[in-house]
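Enquirer: Dumping the structure here so I can ask a few things about it.
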Amino acid sequence: MPEIDHNRVNEILEEVLELDPSERRAFLSSAGLSSEVRREVEQLLTFEEEAAASFNLNAVEFSHDFLEPDSAVPIGQLIDVFKIKSELGSGGMGAVFLAERTDGELEQEVALKLLKREHNTAALRARFRKEREILASLEHPSIARLLNAGTTEDGIPFLTMEYVDGLPIDEYCDRHSLGLKERLEMFIRVCEAVGFAHRNLVVHRDLKPSNILVDKNGVPKLLDFGISKILTDEIGETGTATITKLGVMTPSYASPEQLKKKSVTTAADIYSLGVILYELMSGVRPFESKEDDLKAIYDAVVDEEPPMPSEAARTSNSDTVSRHTFAPARDRTQTLSAGDQTASSASTRTSPEAHPVRWQQLKGDLDNIILKALKKEPERRYATAERLADDIDRFLRGLPVLARPDTLMYRTGKFLRRNSLAAGAALLVLLAVFVGLGATLWQARQTEIEAERARAEAAKTKEALNFVGNILNFANPFWSSSNPERKRQATVAEAMDLAARNAEKDLADEPEVQAEIFFILGKAFMGKGDSKTSEKLIRKAIENYERIRGPENLRSMQFRGQLGNQLYLQARFDEAGEEYRKTVEFLRPRRGNDKETNSVLAGALSGLGNIRLLKGDFRQTAELNEEALEIASGFEGDARRMIPVLLGNLGTALVSLGELQEAESVLDKGLAELRSRGGAANLDGANLLRELGEVSLLRGDLNKAEQRFSEAYEMALKSVGEKNIYTLEIANRLVRIYVAQRNFSKADELLSKTESSGRELHPYGSVITAVTQSLRGEYFTRQGMLEKGEAEHRSALEFFNANSKDPNANAAAAKHRLGMNLAAQKRFEEAREFMRSAYEALLKTRGASHPETVRVKKELEQLGDKQ
Amino acid sequence: MRRSKSARSTKMIEQSSSEITQILQEWNEGDEDAKERLMPFVYDELKRQARLLMSRERKGHTLQPTALVHEAFIQISKQSGIDWKNRSHFYGIASHLMRQILVQHARSRSTAKRGNNQIHFSIDEVQLPVEQRAESILILDEVLTRLAGISEEQSKIVEMRFFGGLSNEEMAEALDISVRSVIRKWGAARLWLYRELNK
């Protein structure tokens, strides 16, 4: 490789920088450069933004504290009336020594904190005087007292405080291998001390493990209360940045508002407590992996949702090596800290033994509690430290905690954003959340099938996407970021955005081509889980065709079918139904030889069927699916994959109508169709068997039902694994059988499995997980643990009520189970209320003759007017 | 201890003031070698100023290299008592000496483990622990020496800006180029620096 002519590069660079960015490319092309020089110049130019943001400091500012003459204090030296015994540690603010009073007044060991000269002694003293009264009132067994402020002969300000001989709380917990309960109890004491200080109007502002020492009696003591205020206000008044000036805050424990230099309230301490609890429970800090890079940790604290503590614990426990590599970062936070009384002691906690708290213990309540303390918005955290302590206490006593996961839509949106490429899963999440899985939306199933395929060909797909991404990338100088992370993310998502924008702009003169592009992109965005954009693009495609060819044209109607799916997936069922209806009405008379027309029509019929199913109009659902099937029977090759899905949906409708004979024959046909196409041992086969199991169950043949559900479950496990909503759905049905058979050990085993998979798949709940929860309630109830059962039922019911306005079978079942539970508790009045409500819902959704309706009615009658 | 040390260096400068006067005179008259001979004095003065500024109790003060360099200039010209024509040249020298002083300090504070050290020198980096910042200064020094091999002027500009805290105008005067050139060269230099520092 020839040596690059750096002088030439520099000359060119200087010239290019003078130019407007839009002129640069032309200049570079015409400058007659060798390819090496040009490449070098272009590469350097990509750093423009980052380079401009760097180098804002000058060297003296950057190194001011090591310019200072060495201020080591010799052991034995007298400072004021204090004799220095040993150095305890040093940090950004100054060194801390163990010292002894020599004025004979009291035999007292103190921690003496020698501050840096830059602290204004007079102001410091004034502030100390002002705060002294408040600080003096902070008399609490878990708060180390601030004693005095003074100045050395050399004029260096110092503070003295109660000396605590102990270990930082995290280290203490690790050394003594404290388990979950003991850690939480210890932490509650910390919260109480913080709460006490808050009530006395003192905010700590720099809570972290090294400021919470645990003495040999196991009593936690908080250091440095009030100090940050004394120190920072002095700086704050001059209007310069507190954080950067003093290194007061340790970024790992600082709240978003502190990093953003916004006003700091007690909520900042709650946040820091959250980080500490996170660390005590999981062994790692929320953004520990980012702590090596200050910019990254800052951005993460301000913008990113922390990983769930249980998840963090799971990954860090399973990988002790990575825990070990985090050690240096921790070392650093200790040197940074304002007033450590202990010397850095990082190495002890990275022992390769497993953390004494198991990650499974954190799932659910503790995750929720910790994440509530870590909310970005101060007002969404616990209002006080006591509230936090109370919630932990409730957890310890097995009571429901106040912390709740974020609201459903919020989380769902997040999920979709985060997993934008996991197409199948993303699409089906909304279905699972709002509807459950009675029926299968063919288009969603198709997307999932495609996603399955895509996963199998992941490497190939990625390459293709990168290829497209790079082509688009090339056209857009905006992306020439040197940050590889950003570049990677940019590739697919932003490429699609750009393509959409470009199509809008460049293809305005060719509306039909533009419409086709919009449609393709619309489908791509649907696959990515971005329903909103997809909807917008498809609507534009429809508009284009309607403008050119009039309101009723084949192509725009074909697009409408897709728009319906899009709306369905956004749970906008009425609008979806309207689009399906328009599509069906237009395409029905045009059925013929056009494959696409036929396929869209069959899809729209099935989609409309799904909407009717939701409304409880099973008859029409069945008819629509039958019509779709008639069309689909003419399909060939891959297009026939639709048939078993349609048969399955028809079967579901027939089961709901109580027409079990008919349902069984339709479902068997589905299985036969699958077998003729290479085997039924796949998800479609599992879904058909699931409905067949339901048929047996409704006939009261528990054994047959168990057999069919088991087979379906095995198939689903094999083809899509246990973390799949279809698998979970089938498992739920199997659990129902086990509970009914009073086979509690099998029920428990399967429930535990589904609970954990469900939580992983839908961490914030879905219809599926709520059903699982209701079944767990049933599991308790049947074994006589009525209160526990009731709690699970109520929680599941709460989910159903919150997420579905219409009466539905799931809610009805949950009400029914809760009613039976209450009856067993002899709370007949309440029991009747729920049973009645369940009965009414069943009447509406399933009709009076459905076996389940009949059963609930009978049970309600048996309850009679018992008091 | 500290007081006597600074007293000593003050004294030293006083003793040498006639010598400084002599050197400055020669430099003013165009003797470039005089620059070399002036350096030790400027160096001492800068260190003295740094210490003075560090210990002066001023509310919310930040140590600015500009202040250091200017203060050193004032002191030296006061002592020499001559009409100073090469102020900006002096600043250039002072910047270079500041670099030496800081590198020296950094060396004593650095934990001497080199390698993948991300440095940006942006405002937030003040939070970095002393050792890492010391390390950053040493790395910057190395990179800057390499830059001098490619463009002496760019390297000077970085030096004057970062270590001397000089303004664009002062740098333009010291290098005898236009302000616009300074800005342009700084723009190019920092691209290169950024890349090298983040390699």
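Enquirer: Cα centroids of region A:675-709 and region A:173-226: how far apart, whole angstrom?
Expert: So the separation of the two Cα centres works out to 56 Å.
Enquirer: Turning to a different aspect of this structure: State which entries of A:LYS536/A:LYS723; A:LYS815/A:LYS844; A:LYS208/A:LYS260; A:LYS261/A:LYS375; A:LYS221/A:LYS363 exceed 21 angstrom in Cα-Cα distance in the structure shown.
Expert: On the way: A:LYS536/A:LYS723 32 Å; A:LYS815/A:LYS844 15 Å; A:LYS208/A:LYS260 19 Å; A:LYS261/A:LYS375 17 Å; A:LYS221/A:LYS363 29 Å.
Among A:LYS536/A:LYS723; A:LYS815/A:LYS844; A:LYS208/A:LYS260; A:LYS261/A:LYS375; A:LYS221/A:LYS363, the Cα-Cα distance tops 21 Å for A:LYS536/A:LYS723; A:LYS221/A:LYS363.
Enquirer: Near the amide H of A:PHE97, under 5 Å away, which other amide H atoms are found, from residues 5 or more places off or on another chain, if H is placed in the peptide plane?
Expert: For A:PHE97, the qualifying residues are A:LEU88, A:LEU112, A:LYS113, A:LEU114.
Enquirer: At a probe radius of 1.4 Å, figure out the A/B buried accessible area, summed over both chains, and give it in Å² to the nearest 100. If you can, show how the numbers build up before the last one.
Expert: Working: alone 39850 and 11930 Å², together 46420 Å².
Chains A and B together bury approximately 5300 Å².
Enquirer: Also, I was wondering about something else. Let me cross-check A:TRP359: its accessible surface, 1.4 Å probe, with only protein heavy atoms counted, in Å² to the nearest 10?
Expert: Its heavy atoms expose roughly 60 Å² to the probe.
Enquirer: Calculate the FRET efficiency for A:SER177 and A:ASN703 from the Cβ-Cβ distance with a Förster distance of 45 Å, rounded to the nearest 0.05.
Expert: On the way: r = 49 Å, r/R0 = 1.09.
Calculated transfer efficiency: 0.35.
Enquirer: Next up: Going by amide H atoms built from the backbone, whose H comes under 5 Å of the H on A:PHE158, apart from near neighbours?
Expert: Under 5 Å from the amide H of A:PHE158: A:LEU115, A:GLY150, A:THR151, A:THR152.
Enquirer: Let me know the shape class of region A:790-863, please: from the alpha-carbon gyration tensor, a ≥ b ≥ c as square roots of the eigenvalues, rounded when a/c is under 1.5, otherwise prolate if a/b is greater than b/c, or oblate. Mind dumping the intermediate values first?
Expert: Numbers: a/c = 2.23, a/b = 1.03, b/c = 2.16.
In terms of gyration-tensor shape, oblate.
Enquirer: At a Förster distance of 51 Å, what's the computed FRET efficiency of A:LYS376 paired with A:GLU543, Cβ-Cβ distance as r, to 0.05?
Expert: Values: r = 39 Å, r/R0 = 0.76.
In this case the efficiency is close to 0.85.
Enquirer: Right, here's the next one. Among A:LEU180, A:LEU717, what's the order by accessible area (1.4 angstrom probe), most exposed first?
Expert: Details: A:LEU180 25, A:LEU717 50 Å².
The ranking, largest first, comes out as A:LEU717, A:LEU180.
Enquirer: May I pose another question? Which order do A:LEU671, A:LEU786 take by accessible area at a 1.4 Å probe, largest first?
Expert: On the way: A:LEU671 10, A:LEU786 40 Å².
Ranked list, largest accessible area first: A:LEU786, A:LEU671.
Enquirer: Counting pairs of alpha carbon atoms under 8 Å apart in space and at least six apart in sequence, what relative contact order in percent does region A:790-863 give? Can you show the working numbers first?
Expert: On the way: 75 pairs, mean separation 20.9, N = 74.
It comes to 28 percent, rounded to a whole number.
Enquirer: Please give the average number of partner chain Cβ atoms lying within 10 Å of the Cβ of each residue in B:154-166, rounded to a whole number.
Expert: Values: counts 3, 0, 0, 0, 1, 1, 0, 3, 7, 4, 3, 4, 1.
Per residue, the average neighbour count from other chains is 2.
Enquirer: Using amide H atoms built 1.01 Å from N in the peptide plane, name the residues 5+ places from A:ILE143, or on other chains, whose amide H lies under 5 Å from its own.
Expert: Close amide H contacts, sequence-distant or interchain: A:LEU222.
Enquirer: In whole Hz, what ³J(HN,Hα) sequence does region A:364-371 give by Karplus (6.51, -1.76, 1.60; θ = phi - 60°), x for Gly and Pro?
Expert: Karplus values, whole Hz, x for Gly and Pro: x, 4, 5, 3, 5, 4, 5, 5.
Enquirer: Let me ask something else. Averaged over A:295-303, how many beta carbons belonging to a partner chain fall within 10 Å of each residue's beta carbon?
Expert: Working: counts 5, 1, 0, 2, 0, 0, 0, 0, 0.
That works out to 1 on average.
Enquirer: Which of the GluC sites (Glu not before Pro) found in region A:517-572 are in a DSSP loop and have at most 16 neighbouring Cβ atoms, other than their own, within 10 Å?
Expert: Working: sites: A:GLU535, A:GLU543, A:GLU546, A:GLU552; in loops: A:GLU552.
Sites meeting the loop and neighbour criteria: A:GLU552.
Enquirer: From other protein chains only, count the Cβ atoms within 10 Å of every residue's Cβ in A:44-55, then give the mean.
Expert: Mean partner-chain Cβ count within 10 Å for A:44-55: 6.
Enquirer: Here is a further query. Exactly which GluC sites (Glu not before Pro) in region A:268-317 are in a DSSP loop and have at most 15 other Cβ atoms within 10 Å? Numbers along the way, then the final one.
Expert: Values: sites: A:GLU279, A:GLU288, A:GLU291, A:GLU304, A:GLU311; in loops: A:GLU291, A:GLU304.
Sites meeting the loop and neighbour criteria: A:GLU304.
Enquirer: With the contact rule set at Cα under 8 Å and sequence spacing of 6 or more, what percent relative contact order holds for region B:134-199? Walk me through the numbers on the way to the answer.
Expert: Working: 42 pairs, mean separation 21.8, N = 66.
Reported as a whole number, the value is 33 percent.
Enquirer: For the pairs A:LYS83/A:LYS262; A:LYS113/A:LYS295; A:LYS216/A:LYS290; A:LYS788/A:LYS857; A:LYS85/A:LYS216; A:LYS181/A:LYS295, note any where the Cα-Cα span goes beyond 32 Å. Before the final figure, lay out the partial values.
Expert: Numbers: A:LYS83/A:LYS262 40 Å; A:LYS113/A:LYS295 30 Å; A:LYS216/A:LYS290 34 Å; A:LYS788/A:LYS857 26 Å; A:LYS85/A:LYS216 21 Å; A:LYS181/A:LYS295 36 Å.
With Cα atoms farther than 32 Å apart: A:LYS83/A:LYS262; A:LYS216/A:LYS290; A:LYS181/A:LYS295.
Enquirer: Please identify every one of the trypsin sites (Lys or Arg not before Pro) in region A:775-825 that sits in a loop by DSSP and has no more than 15 other beta carbons within 10 Å of its own beta carbon.
Expert: Numbers: sites: A:ARG776, A:ARG782, A:LYS788, A:ARG794, A:LYS805, A:LYS815, A:ARG817; in loops: A:LYS805.
Answer in residue order: A:LYS805.
Enquirer: Run the numbers on region A:674-786 and let me know its relative contact order in percent, using alpha-carbon pairs under 8 Å that are six or more apart.
Expert: Numbers: 120 pairs, mean separation 23.5, N = 113.
So the answer I get is 21 percent.
Enquirer: Sticking with this structure for a sec: Rounded to the nearest 10 Å², what accessible area does A:THR845 show when all protein chains are kept and the probe is 1.4 Å?
Expert: 20
Enquirer: OK, next. What are the ³J(HN,Hα) couplings of region A:198-213, residue after residue, when phi is run through the Karplus curve with 6.51, -1.76, 1.60 and θ = phi - 60°? Round to Hz, x for glycine and proline.
Expert: Karplus-based 3J(HN,Hα) across region A:198-213 equals 4, 5, 8, 6, 10, 9, 6, 6, 9, 6, 6, x, 6, 9, 10, 9 Hz.
Enquirer: When the Karplus curve 6.51 cos²θ - 1.76 cosθ + 1.60 is applied with θ = phi - 60°, which whole-Hz ³J(HN,Hα) does each residue of region A:743-759 get, with x for Gly and Pro?
Expert: So the J values, rounded to whole Hz, are 8, 5, 5, 5, 4, 5, 4, 6, 4, 4, 5, 5, 4, 6, 5, x, 5.
The values are calculated or read from the model by the stated rules, or taken from the named source; none is laboratory data. For clarity, every value in this text was computed on a predicted model and none was experimentally measured. For neighbour counting, all protein chains shown are included, and Cβ atoms are generated from backbone atoms with ideal geometry for every residue, glycine included. Quick note on the areas: whole protein, heavy atoms, side chains included, nothing else; ligands and nucleic acids left out. Shrake-Rupley method; radii C 1.70, N 1.55, O 1.52, S 1.80 Å.
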